[in-house]
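Peer 1: Dropping the structure in here first, questions after.
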Amino acid sequence: MKITASFLQHFRKEFIFPSKDVTHFFPQHMAKGLNKMQRTLATVDYVIEVHDARIPLSGRNRQFKETLAVRPHLLILNKMDLTDLKYKRNVIQRLKANQGVQEVVYTNCKQEKSGTVKTLLIPKLTEVLMGTARFHREGLDHYNILIIGLPNVGKSSLINAMRHLHSGKGKATPVGPHAGVTRSVLEKIKVSHSPLIYVYDTPGIMMPNIEDMDVGMKLALCGTLTDHLVGYDMIVDYLLFWLNSHGYFKYVKYFNLSQPTDDIFQFLSNVAKLYNVVEKRKSPSGEYVYKPNFDLAAKYVLRAFREGQLGCYNLDEDIVQSVTN
Ligand SMILES: Nc1nc2c(ncn2[C@@H]2O[C@H](COP(=O)(O)OP(=O)(O)OP(=O)(O)O)[C@@H](O)[C@H]2O)c(=O)[nH]1
Ligand SMILES: [Mg+2]
């Protein structure tokens, strides 16, 4: 079907955000992790920050700069397979000009075959290590690197990919599809022989308060917050709003819809029907009624988005295109 401007004119122009409480999430293991990272800093030569390439300009944790006094560091934009790479050059320019980032590398750590760690990251890392002041650690024959970032951005996957490249060995640190898999600062892991490099994996640290709810919902969409605390349907509603308002309608065909929709419940009812996720409930009059399982349907939608089935997007594309910032 042809999607016309007049068809879309009644779609929402603004998103009503949930209460701020949902993005106020700083569990004990994060506080402890930050503390331990601070203590580990004395033995660290370099910091690599990993962030999600779908939100390259927003959502980075300012606490890293404030609490860890992060030294000049390398920013990895991981999950490049899920973002829209046409913005790559502008993103890098903006990060360097406005956020003081010195080096940026895009990676895909899910598919070691993609070769980004081998051909892009390792050479860049070797180059920067050789040119970096060693903060009272001169003369030592090895480099220690701290890997930091928000939850679920792929820190442990990155370490496993580097280690695999170096030793051919499998996973040294656990990986999982949800935020909060790594819960403590782990022992150092050897990832390169020449130069001799060790890395510390760390738990993902969220900022205690996310001021900007738009940023909060983008973070939720990328799986850096805890889904059930924000609400599956709320996250999918934001996705629907974002896709519609940016003119991306791949979801229509993917979920077998007849046309775009701006109505989350209509959308989730259709998805529930498609995947046959309905709950049987007894009505007050004793009859059985079938109700769509919205939570399960929303989980299907989120999974499809996070696997890139609904398209690859830079959720910060408006910021990239804006004149300021
Ligand atoms: N598509 C894609 N998925 C990735 C990539 N890197 C990691 N993942 C997936 O992202 C999820 C999180 O990866 P982890 O390595 O556990 O992330 P983490 O930052 O260590 O997470 P926490 O320990 O919870 O803070 C896993 O399902 C990975 O398979 C990537 O480059 N592309
Ligand atoms: Mg981890």
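The values are calculated or read from the model by the stated rules, or taken from the named source; none is laboratory data. Note that the structure is a prediction, hence the values are computed from the model and not measured. Note that we place each Cβ from the backbone using ideal geometry, even for glycine, and neighbour counts take in every protein chain shown.
Peer 1: For Asp141, work out the one condition from (1) more than 25 Å from the chain's Cα centre (by Cα); (2) of a type in the set (D, E, K, R); (3) closer than 30 Å to Pro208 by Cα it doesn't fulfil.
Peer 2: Here Asp141 clears every test but (3).
Peer 1: Where residues in segment 60-116 are aromatic (Phe, Trp, Tyr) and within 16 Å of ligand 1 (Cβ to nearest atom), which of them is nearest to Met162 (Cα to Cα)?
Peer 2: Residues of segment 60-116 that are aromatic (Phe, Trp, Tyr), as a first pass: 64, 87, 106.
Narrowing further to those that are within 16 Å of ligand 1 (Cβ to nearest atom): 64, 106.
Details: Phe64: 23, Tyr106: 14 Å.
It comes out as Tyr106.
Residues are listed down the side, and each one gets a yes or a no for (1) away from ligand 2 (no atom under 11 Å from the Cβ); (2) not in a loop (DSSP other than H, G, I, E, B):
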position: Val117; (1), (2): yes, yes
position: Leu121; (1), (2): yes, yes
position: Leu140; (1), (2): yes, no
position: Ile147; (1), (2): no, yes
position: Ile159; (1), (2): no, yes
position: Pro174; (1), (2): no, no
position: Pro177; (1), (2): yes, no
position: Gly180; (1), (2): no, no
position: Ser184; (1), (2): no, no
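Peer 1: Next question. Does Lys110 count as modelled with pLDDT under 90 and either within 15 Å of ligand 2 (Cβ to nearest atom) or in contact with a strand residue (DSSP E or B) (Cβ under 6 Å, 6 or more places away or on another chain) (or both)? Working first, answer last.
Peer 2: Numbers: modelled with pLDDT under 90: no; either within 15 Å of ligand 2 (Cβ to nearest atom) or in contact with a strand residue (DSSP E or B) (Cβ under 6 Å, 6 or more places away or on another chain) (or both): yes.
Judged against the criteria, Lys110 is not a match.
Peer 1: Considering only segment 266-287, state which residues are of a type outside the set (A, V, I, L, M, F, W, C) and either at pLDDT 90 or above or surrounded by 11 or more Cβ atoms within 10 Å (Cβ to Cβ) (or both). Step through it out loud before you land on a result.
Peer 2: Here is the first cut: in segment 266-287, the ones of a type outside the set (A, V, I, L, M, F, W, C) are 266, 269-270, 273, 275-276, 279-287.
The answer is Gln266, Ser269, Asn270, Lys273, Tyr275, Asn276, Glu279, Ser285, Gly286, Glu287.
Peer 1: Quick one: which residue in Leu120, Leu75, Leu85, Leu95 is closer than 20 Å to Thr202 by Cα and aliphatic (A, V, I, L, M)?
Peer 2: Working: Leu120 fails: closer than 20 Å to Thr202 by Cα; Leu85 fails: closer than 20 Å to Thr202 by Cα; Leu95 fails: closer than 20 Å to Thr202 by Cα.
Leu75 is the lone residue from the list that is closer than 20 Å to Thr202 by Cα and aliphatic (A, V, I, L, M).
Peer 1: Further, regarding this structure: What residue, among those in segment 161-172 that are in a helix (DSSP H, G or I) and not hydroxyl-bearing (Ser, Thr, Tyr), is farthest from ligand 1 (Cβ to nearest atom)?
Peer 2: Per the stated criteria, the residue is His166.
Peer 1: Also: Of the residues that make up segment 187-198, is at least one more than 17 Å from His51 (Cα to Cα), acidic (Asp, Glu) and in the same structural domain as Leu68 (by TED's automatic domain parsing)?
Peer 2: If we filter segment 187-198 for residues that are more than 17 Å from His51 (Cα to Cα), which is where we start, we get 187-198.
Filter again for acidic (Asp, Glu), leaving 187.
From the residues that got through so far, the ones that are in the same structural domain as Leu68 (by TED's automatic domain parsing) too are 187.
Within segment 187-198 (the criterion being more than 17 Å from His51 (Cα to Cα), acidic (Asp, Glu) and in the same structural domain as Leu68 (by TED's automatic domain parsing)), the answer is yes, since at least one residue qualifies.
Peer 1: Which numbered condition in (1) touching a Lys or Arg at 6+ places or on another chain (Cβ under 7 Å); (2) more than 16 Å from ligand 2 (Cβ to nearest atom) is the only one that Pro203 fails?
Peer 2: Only one criterion in (1) touching a Lys or Arg at 6+ places or on another chain (Cβ under 7 Å); (2) more than 16 Å from ligand 2 (Cβ to nearest atom) is unmet by Pro203, namely (2).
Peer 1: Residues in segment 245-260 that are buried (at least 18 other Cβ atoms within 10 Å of the Cβ) and farther than 16 Å from Leu302 by Cα: how many?
Peer 2: Result for segment 245-260: 1.
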